[in-house]
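In what follows, a single structure is set out as structure tokens and then discussed.
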Amino acid sequence: MAESASSTTTARQGQMFPTLTPADIERLRRFGEPRSFAEGDRVIKAGEVAPGLIVILSGEVEITQGAGRDQRAVIVTHAAGQFVGELAQLSSRPALVDGVALSPVEGLVIRSDRLRDLMVQEAELGERIMRALILRRVGLLESGASGPIIIGRSDDADVLRLQGFLTRNGQPHRALDADSDPCAKTLIERFHIDPHHLPIVLCPNGQLLRNPDENALARCLGLVRPIDATKLYDAAIIGAGPAGLAAAVYAASEGLSVIVLDCRAFGGQAGASARIENYLGFPTGISGLALMARAYNQAQKFGAEMVIPDQAHDLSDRAGENGGGFVLRVGTDETVQARAVVVASGARYRRLDVPNLAQFEGSAVHYWASPIEARLCGGQEVALVGAGNSAGQAAVYLASHVGKVWLLARGGSLEATMSHYLVERIRAQPNIAVLTGTEIVALEGHEGTLTTVRWRNRATGEESAHPIRHVFLFIGADPNTDWLAQSDIGLDAKGFVRTGPDCGEGRHGLETTRAGVFAIGDVRSGSVKRVAAAVGEGAQVVAALHAYLARTGASVITPATIGRP
Ligand SMILES: Cc1cc2nc3c(=O)[nH]c(=O)nc-3n(C[C@H](O)[C@H](O)[C@H](O)COP(=O)(O)OP(=O)(O)OC[C@H]3O[C@@H](n4cnc5c(N)ncnc54)[C@H](O)[C@@H]3O)c2cc1C
């Protein structure tokens, strides 16, 4: 078997695989149940939900990853005092690795709900365990040897879509290029796959999916589970961007039962930011995905239930039921019942007004600038459209990976719409060319392959053609409120959700025209479109939720508890 060591594994071995003291284990006992494993037993199996976090009291468990017996790589061998587990065990998701008892093992199994209790009740010990679980996930992401295997052409729009989905959701995976990777060729032959039916995805549970949509892939991986339609949550939060995640963390940590839905991935627009430099407390900046992954894990630690990806379609009253509340129609045929609803559905990117845009989206026209796109465009010239901070960040990020960035803006200068620090950074970057007063007028190519981009100087009318294969669009966003069309929620002229005293008598500042329905973050009319503002509103809305639930007699938590640290 091959040895596998990610850079995180090597650098932070002690934190990743800590050995608990006998005193630590005594404190853990009340959360777990004893269990014995015989030599050779599968303690955990990739693709299957593990019984929980397993603290080893005696014996040894070998943890391996990878597909096929000859490709298995040993990650670590756990001995007495160590524990088997990874982030998946925090929320009863299927394991990503295999664990086999190398000798008879006596263990303490801590189920995921008890693990969350432990994290809250045993702060210092919980912190050590949580850090280990997070580092282990980072290690799996870095090693790229566990999780599903995507097989297809590396520049295929569906391969990029699936890779993007898994990356944005913090899921380890591998992508094998069907044209050049010998393993990919072997698998294609073994499963008799017609090249026209690529990409395929091999899931850890052995299932083979042909070009699945994100929801089908997530269900196969066990990321989405059926929603309990009979359960009445205190709050349903629509959107897992910074606003929704902040609301989930504060609401769940204060004892409310919370369900969070997102139709794409956790992190929202912030998850697409290459580097956030203006969020308080991160002087060196942090990638949006890293910041949002922390919030996502934090919300799960406090017991918020995550349903990603699944879309909320509409919102109506829980007619005829005692205690009022709301019903959300979700996905194809599911429902969520909640006493209160928090709309945190943010905004979605605007599209360019050229007729054949759709045929290049995904393969050549991108709305994110992540390492996946940077790799795809390595050394090439790219065009990037936009003049806001998101465009500036993406231009600076891409400039260190591509040959040249043409930054195109319709307006006369970047200064009016972009932060000063970004304008300065762009000026200092020799391979970014800024063309103001310029707009794209045509995209040329065929079958998803872009060959030429035409742009026009708006003042002179002069047009020019450029051999560019990738275009990035950062041209603003519209509110995600289509799903509220039938819900009788008041919107402003631009489609953002109205909130505040004007919406009805006694309304909280974040409450909409329907009592008990709140709106926070970018989707809210008049909000400041920033991560910090979204997070602030997420925290603030929890006080409003408590007050509403207490007012409607639905909560044992009274307004007196609001403001407690
Ligand atoms: C590339 C980029 C870079 C940025 N950089 C910065 C920065 O450096 N600093 C800064 O302060 N701000 C930055 N911003 C702005 C910041 O990201 C947003 O203000 C912030 O993300 C808004 O958070 P939100 O939670 O309100 O909404 P969003 O982040 O838009 O999240 C909304 C979520 O709701 C989900 N959703 C929508 N409709 C539904 C539905 N019907 N059902 C289920 N889910 C749904 C979406 O999938 C999404 O995940 C950047 C934005 C972008 C695009």
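The values are calculated or read from the model by the stated rules, or taken from the named source; none is laboratory data. Quantities reported herein were computed from a predicted structural model and do not represent experimental measurements. Methodologically, a virtual Cβ is constructed for each residue, glycine included, from the backbone with ideal geometry; neighbour enumeration extends over all protein chains shown. In case anyone asks, the SASA skips ligands and DNA or RNA and just uses the protein heavy atoms, side chains included. Shrake-Rupley method; radii C 1.70, N 1.55, O 1.52, S 1.80 Å.
Going 7 Å from the Cα of ARG294 along its beta-carbon direction, which residues of the range 511-544 have the amide nitrogen within less than 19 Å of the resulting point?
530-540
What is the P(r) of the range 286-384, as percent of Cα-Cα pairs per 10 Å bin from 0?
With 10 Å bins starting at 0, P(r) equals 10, 26, 30, 22, 10, 2, 0.
Hey, what do the phi angles of the range 157-166 turn into as Karplus ³J(HN,Hα) couplings, whole Hz, using 6.51/-1.76/1.60 and θ = phi - 60°, x for Gly and Pro?
Taking θ as phi minus 60°, the curve returns 4, 6, 4, 5, 4, 5, 4, x, 4, 5 Hz for the range 157-166.
Rg/Rh for the range 422-565 to two decimals, with Rh computed the Kirkwood way over all alpha-carbon pairs.
1.19
Relative to the compact-globule scaling 2.2 N^0.38 Å, provide the ratio for the alpha-carbon radius of gyration of the range 438-495.
Compared with the compact-globule rule of thumb, the range 438-495 sits at 1.74.
Heavy-atom accessible area per residue, the chain, 1.4 Å probe: how many Å²?
Averaged over the residues of the chain, the accessible area is 43 Å².
When the helices in the chain are scored as -39500 (n - 2.57) per DSSP H run of 4 or longer and the sum is shared across all residues, what 222 nm value do you end up with, to the nearest 500 deg cm²/dmol?
-8000 deg cm²/dmol
With just the Cα atoms defining each centre, how far is the range 453-479 from the range 270-331? Give it in Å.
A separation of 33 Å, based on Cα centres.
Determine which lysines satisfy two conditions relative to LYS529: a Cα distance under 21 Å, and not lying fewer than 8 residues away in the same chain.
LYS494
Residue by residue through the range 252-259, what is 3J(HN,Hα) from phi via Karplus (6.51 cos²θ - 1.76 cosθ + 1.60, θ = phi - 60°)? Round to whole Hz and write x for glycine and proline.
Per residue, the Karplus-derived 3J(HN,Hα) values read 5, 5, 9, x, 7, 7, 10, 10 Hz.
What are the equivalent ellipsoid semi-axes of the range 224-278, built from the alpha-carbon gyration tensor (square roots of five times its eigenvalues), in whole angstrom, biggest first? Intermediate results must be reported in sequence, preceding the final value.
Working: eigenvalues 118, 41, 8 Å².
Working from the Cα gyration tensor, I get semi-axes of 24, 14, 6 Å.
Could you give the nm distance between label points at ALA11 and LEU435, where each point is 7 Å from its Cα heading toward the beta carbon?
About 3.9 nm, to one decimal.
Once the principal axes of the Cα atoms of the chain are found, what is the range along each, listed largest first in whole angstroms?
79, 66, 44
Can you give me the C-alpha center-to-center distance between the range 164-239 and the range 369-440, rounded to a whole angstrom?
Centre-to-centre distance over Cα atoms comes out at 32 Å.
Taking all pairs of different Cα atoms in the range 46-152, averaging 1/r and flipping that mean, what Kirkwood radius in angstroms comes out?
Evaluated over the range 46-152, this radius sits at 14.3 Å.
Rounded to the nearest 10 Å², what accessible area does THR335 have for a 1.4 Å probe in the complete protein model?
50
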